[in-house]
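This report refers to the structure that appears directly beneath it.
No value in this document is a laboratory result; all are computed from the given coordinates. On a predicted model such as this, the values are computed, not experimentally measured, just so you know. Neighbour counts are summed over all protein chains in view; Cβ atoms, including those assigned to glycine, are modelled from backbone coordinates with ideal geometry.
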Amino acid sequence: MTVTTDITQPIGEFRTDFDLLRQCPRCQRQALPLGYPGALSRADNKTEVCSPCGQVEGLADAWLELGDWNQWNDRPQQALAAYGEVASLLQGAGLGDLLHEWLGQPVELPANGAFWQPRPGQGATEPVVVQASYDVSAAGRASNVDVKAVASEHAAKAGKVRRSLGQTRFRPSLVDGEPQASARLSRQYEVLD
Ligand SMILES: [Zn+2]
């Protein structure tokens, strides 16, 4: 049997300088200037975005932090007001994707990585990973918390994570400015100590 590969090249193909300009991945409107990254996205500190998006993201990020701080300190009214500012800033700038990332699902607070999602391929030892499922109320409290260790020899760690989840505060998901209850979230966590 003979296998042939078609390596025909398209002819008449050329690039203009404009083709080389990358579009801002956030707004899909502004072109990113060549050689100048514009700004780094607050979402991951990696993605290069245009300057206007960077400014809106920076402002929205400050409101998000203020909202989280109020949520953590049992001031739901102030928290909601701040989250509302996040939503209107990002919506107004056409940054619905980022809004969904930040307020589309409950987030464990403080949102500083205290709850680690497992990252594969780190270190030589097998990470202790637990599988948790729970409900989060509109007020940001977890209930019906169920935690199981992924490997049975780590079963003792599950109780610790269950207690932590029961005590933590969540940034709730927001729809049209209203906090939503979320049922049966399923997340994995890596236990670090
Ligand atoms: Zn942009």
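Residue farthest toward the positive end of the dipole of the range 128-191, with Cβ of Lys/Arg at +1 and Asp/Glu at -1: which of SER173, SER152, SER186?
Highest projection toward the positive end goes to SER152.
In what sequence, highest mean first, do 69-77, 162-170 appear when ranked by Cβ atoms within 10 angstrom?
In descending order of packing, they fall as 162-170, 69-77.
Which of the peptides 24-31, 60-67 is most tightly packed, and how do the rest follow, going by the mean number of other Cβ atoms within 10 Å of each residue?
60-67, 24-31
Could you list LEU90, LEU32 in order of exposure, starting from the residue whose Cβ has the fewest other Cβ atoms within 10 Å?
By the 10 Å Cβ count, ascending, the order reads LEU32, LEU90.
Can you tell me the length gained on complete extension of the stretch GLN30 to ASP176, counting 0.36 nm per residue apart and subtracting the Cα distance?
49.9 nm
Full-extension gain between SER143 and ARG184, please, as 0.36 nm times their residue separation minus the C-alpha to C-alpha distance.
13.8 nm
Once amide H atoms are built 1.01 Å from N in the peptide plane, which residues 5 or more positions from ALA111, or in another chain, come under 5 Å H to H?
The answer is none.
Taking a point 7 angstrom from the Cα of ASP74 along the C-beta vector, which residues in the range 152-193 have backbone N less than 15 Å away?
Under cut-off, by backbone N: 167-170.
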